[in-house]
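**Student:** Below you'll find the structure I mean.
The values are calculated or read from the model by the stated rules, or taken from the named source; none is laboratory data. Since we're looking at a predicted model, the values are computed, not measured. As a convention, Cβ positions derive from the backbone with ideal geometry for all residues, glycine included, and neighbour counts pool all protein chains shown. We work out accessible area using only protein heavy atoms, side chains counted, and drop any ligands, DNA or RNA first. Shrake-Rupley method; radii C 1.70, N 1.55, O 1.52, S 1.80 Å.
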Amino acid sequence: WDSLNLGASCGDQPERVAENFRRFCGAVGTDADALVKNHQVHSDLVRPVTRADIQSDPAAPGVYEADGLVTDLPGVSLVIFGADCLPILLYDPVRRVAAACHAGWRGTALGIAQRAVEKMGFYGSRPEDIRAAIGPGIAKCCFETHEDVPNAMTKALGVCATPYIEPIEGGKFKVDLKGLNAMRLKRAGLLEEHIDISPDCTACHPEKYWSHRATQGRRGSQAAVIQLL
């Protein structure tokens, strides 16, 4: 954990996690004393938050089981964690609404990104106004799976999922989670030019990112954060 671990449940010392958050938030211009986190469970639950949800300690883990956060309140830092799963940040500059969600393969199949767009609609957001950033995560090059993952995608999305699934030797498959989530966002009404996808694969770059797969689970976590100023 010598390289900016931001996960509170990885075994790192809490005071170091808190300091890492202060450095991280200071670098990106968000408030380390206004963090809101979830206890991520690979669901499609997006939780609306207020200032009452701000955690007093930057090192404290999330308590509520959910994989997304949404707010229209300035000053609240929405935090999502990952170490191969995708962080997805959403922003509506018209209604001033922000959301963040954590999309592993289960969340992708369940449609967590679409649920986040729907929740933003409760605040008056229109999908065509929303900007999305799909951050670094495991890419198709490294995401080899058994049939359970492609089966979940085709069950949820039908033949629309097949361009993002590639059969390989040994009865396995490669799956493009970034492409699937971008497709989900477009289905939710976002414009293609409003969706930005990081090309970085966390498993390809263990010197730069925490990767659950590359380290076989012995790792920290990176975070993505979005805050309305």
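**Student:** Over the Cα atoms of segment 88-163, compute the convex hull volume and normalise it per residue, giving Å³.
**Tutor:** Values: hull volume 7.5 nm³, N = 76.
So the per-residue Cα hull volume is 98 Å³.
**Student:** Apply the a/c threshold of 1.5 to the C-alpha gyration tensor of segment 1-121 and tell me whether it is rounded, prolate or oblate. Write out the running numbers ahead of the final one.
**Tutor:** Numbers: a/c = 1.88, a/b = 1.29, b/c = 1.45.
Note, shape of segment 1-121 comes out oblate.
**Student:** Which chymotrypsin sites (Phe, Trp or Tyr not before Pro) does segment 32-111 hold that lie in a coil by DSSP with at most 16 other beta carbons within 10 Å?
**Tutor:** 64
**Student:** Just the number, please: carbon plus sulfur as a percent of the accessible area of the chain, 1.4 Å probe, no ligands or DNA/RNA counted. If you can, show how the numbers build up before the last one.
**Tutor:** Details: 5520 of 10700 Å².
Roughly 52 percent of what the probe reaches on the chain is carbon or sulfur.
**Student:** What GluC sites (Glu not before Pro) in segment 156-229 are in a loop by DSSP, with at most 15 other Cβ atoms within 10 Å of the Cβ? Before the final figure, lay out each step's value.
**Tutor:** Working: sites: 169, 192, 193, 207; in loops: 207.
The qualifying sites are 207.
**Student:** Step through the table entries 119/208; 37/172; 155/186; 119/172, compare each Cα-Cα distance with 30 Å, and write down the pairs that go over it.
**Tutor:** Details: 119/208 33 Å; 37/172 34 Å; 155/186 19 Å; 119/172 35 Å.
With Cα atoms farther than 30 Å apart: 119/208; 37/172; 119/172.
**Student:** Using alpha-carbon pairs under 8 Å, 6+ residues apart, how would you state the relative contact order of the chain in percent? Before the final figure, lay out the partial values.
**Tutor:** On the way: 525 pairs, mean separation 53.5, N = 229.
Result for the chain is 23 percent.
**Student:** How many Å³ per residue does the convex hull of the Cα positions in segment 170-217 occupy? Intermediate values should be presented prior to the final figure.
**Tutor:** On the way: hull volume 5.6 nm³, N = 48.
Hull volume over Cα atoms, normalised by residue count, gives 117 Å³.
**Student:** Which option, (1) 113; (2) 193; (3) 148, is the value of volume of the Cα convex hull per residue in Å³ that was calculated from these coordinates?
**Tutor:** Of the listed options (1) 113; (2) 193; (3) 148, (1) comes from this structure.
**Student:** Net charge near residue 18: determine it from the other residues with C-beta under 11 Å of the C-beta of residue 18, scoring Lys and Arg +1 and Asp and Glu -1. Show your work: numbers first, answer last.
**Tutor:** Details: positive: 16, 22, 23; negative: 12, 15, 19, 33, 57.
In short, -2.
**Student:** Averaged over all directions, how much area does the convex hull of the C-alpha atoms of segment 25-68 cover when projected, in nm²? Provide the component values of the computation, followed by the final result.
**Tutor:** Values: hull surface 13.8 nm².
The directionally averaged projection comes out at 3.4 nm².
**Student:** When the Cα centres of segment 177-229 and segment 15-69 are compared, how far apart do they sit, in Å?
**Tutor:** Their Cα centres are 17 Å away from one another.
**Student:** Oh, and also: Given Cα pairs under 8 Å that are at least 6 residues apart, what percent is the relative contact order of segment 15-93?
**Tutor:** Values: 120 pairs, mean separation 26.4, N = 79.
Here the relative contact order equals 33 percent.
**Student:** Can you work out the accessible area per residue across the chain, with the rest of the protein chains kept in place, probe 1.4 Å, in square angstrom? Can you show the working numbers first?
**Tutor:** Working: 10700 Å² over 229 residues.
Result: 47 Å² of accessible area for each residue.
**Student:** Between beta-carbons, use under 12 Å as the cut-off and find the net charge around residue 103, counting Lys and Arg +1, Asp and Glu -1. Show your work: numbers first, answer last.
**Tutor:** Details: positive: 106, 115, 178, 184; negative: 44, 67, 84.
Net local charge, residue 103 excluded: +1.
**Student:** Using a cut-off of 12 Å between beta-carbons, work out the net charge of the residues near residue 35 (Lys and Arg +1, Asp and Glu -1, residue 35 not included).
**Tutor:** Values: positive: 22, 37, 51; negative: 31, 33, 53, 57.
Net local charge, residue 35 excluded: -1.
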